[in-house]
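For reference, the structure discussed in these notes is given below.
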Amino acid sequence: MKRTLTILISALLLFILSACEGNNSNTISVAELTDRENAILSSSSGGSFVFDFNIDKEYEEVTVWIEKYELGNLVENKLSELTMQVEGDGSIILTTPKISYSQNQPIFNSAISSKEGVSTRSSFDPNSDGLDDMSSVWGPFPTETTIIEGEVVLGSICYSNDGRMNSLTADFYQDVEGHINELEKYDVVYLFKADFIK
């Protein structure tokens, strides 16, 4: 009887541990950067997002892009799109250089790194007059870790003329379609998105 009970408990523990282990795969989280990494990013960019992902073998590539909204309306669907084959774990980075007043267009630098290497892309928004005069707020998704299921909104850059700024809510990141009206409060919003493809 004791032997049967020990086997059952062992099997249950093994099942629980394997379930917990499964929860660690197919996730993305805001990267914890060292002081040195933060210093490097802040010396070369006006703002940045850095994310770490961990995926299993069923995923083969990731696409990252930026969507632009004006007063809640989608005006640019795939600004700065970048796709790369990935395997296992890696990072996704978005930076914008420090503002150049001779060039009134925001520049977006995107990078994906994985065992396959590093892929980068720089692009700008040619239709962005007046952003220099607006207040802005940056924010990544607010949870510690997000499960990868379809498209993921990684972060946002919101601009407003009225000077009252708040980051998008946690509810927005969990259900974009259900809370898309949050974008109406801002003159311009850039959403940084990713899609992991099987």
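The values are calculated or read from the model by the stated rules, or taken from the named source; none is laboratory data. Values in this document were obtained by computation on a predicted structure and should not be read as measured data. A quick note on method: Cβ atoms are made from the backbone with ideal geometry, for glycine too, and the neighbour counts reach across all protein chains shown. Side chains are part of the model used for accessible areas, which takes the heavy atoms of the whole protein and leaves out ligands, DNA and RNA. Shrake-Rupley method; radii C 1.70, N 1.55, O 1.52, S 1.80 Å.
Things worth noting here:
- Residue in segment 77-99 that is modelled with the lowest pLDDT, counting only those that are of a type in the set (A, V, I, L, M, F, W, C) and under 16 Å from residue 193 (Cα atoms): 79
- Residue, most open to solvent (accessible area, probe 1.4 Å), within segment 111-156, restricted to residues that are under 15 Å from residue 176 (Cβ atoms) and hydroxyl-bearing (Ser, Thr, Tyr): 143
- Of the residues making up segment 156-184, those that are in a helix (DSSP H, G or I) and either touching a Lys or Arg at 6+ places or on another chain (Cβ under 8 Å) or of a type outside the set (D, E, K, R) (or both) are 170, 172, 173, 174, 178, 179, 180, 181, 183.
- Residues (aromatic (Phe, Trp, Tyr) and more than 30 Å from residue 184 (Cα to Cα)) located in segment 28-82: 53, 59
- The lone exception for residue 137 - which of (1) part of a loop (DSSP other than H, G, I, E, B); (2) farther than 21 Å from residue 53 by Cβ it fails: (1)
- Flag if residue 120 is free of Cβ contacts under 8 Å to residues at least 40 places away in the same chain and assigned to a loop (DSSP other than H, G, I, E, B): no
- Among the residues of segment 40-54, those identified as of a type in the set (Gly, Ala, Ser) and modelled with pLDDT under 90 are 42, 43, 44, 45, 46, 47.
- Residue in segment 87-96 that is surrounded by fewer than 18 Cβ atoms within 10 Å (Cβ to Cβ), in a strand (DSSP E or B), in contact with a strand residue (DSSP E or B) (Cβ under 8 Å, 6 or more places away or on another chain) and among the small types (Gly, Ala, Ser) present: yes
- Entry remark, segment 61-76: residues being open to solvent by 80 Å² or more (accessible area, probe 1.4 Å) and either within 14 Å of residue 194 (Cβ to Cβ) or part of a strand (DSSP E or B) (or both) number 2 in total.
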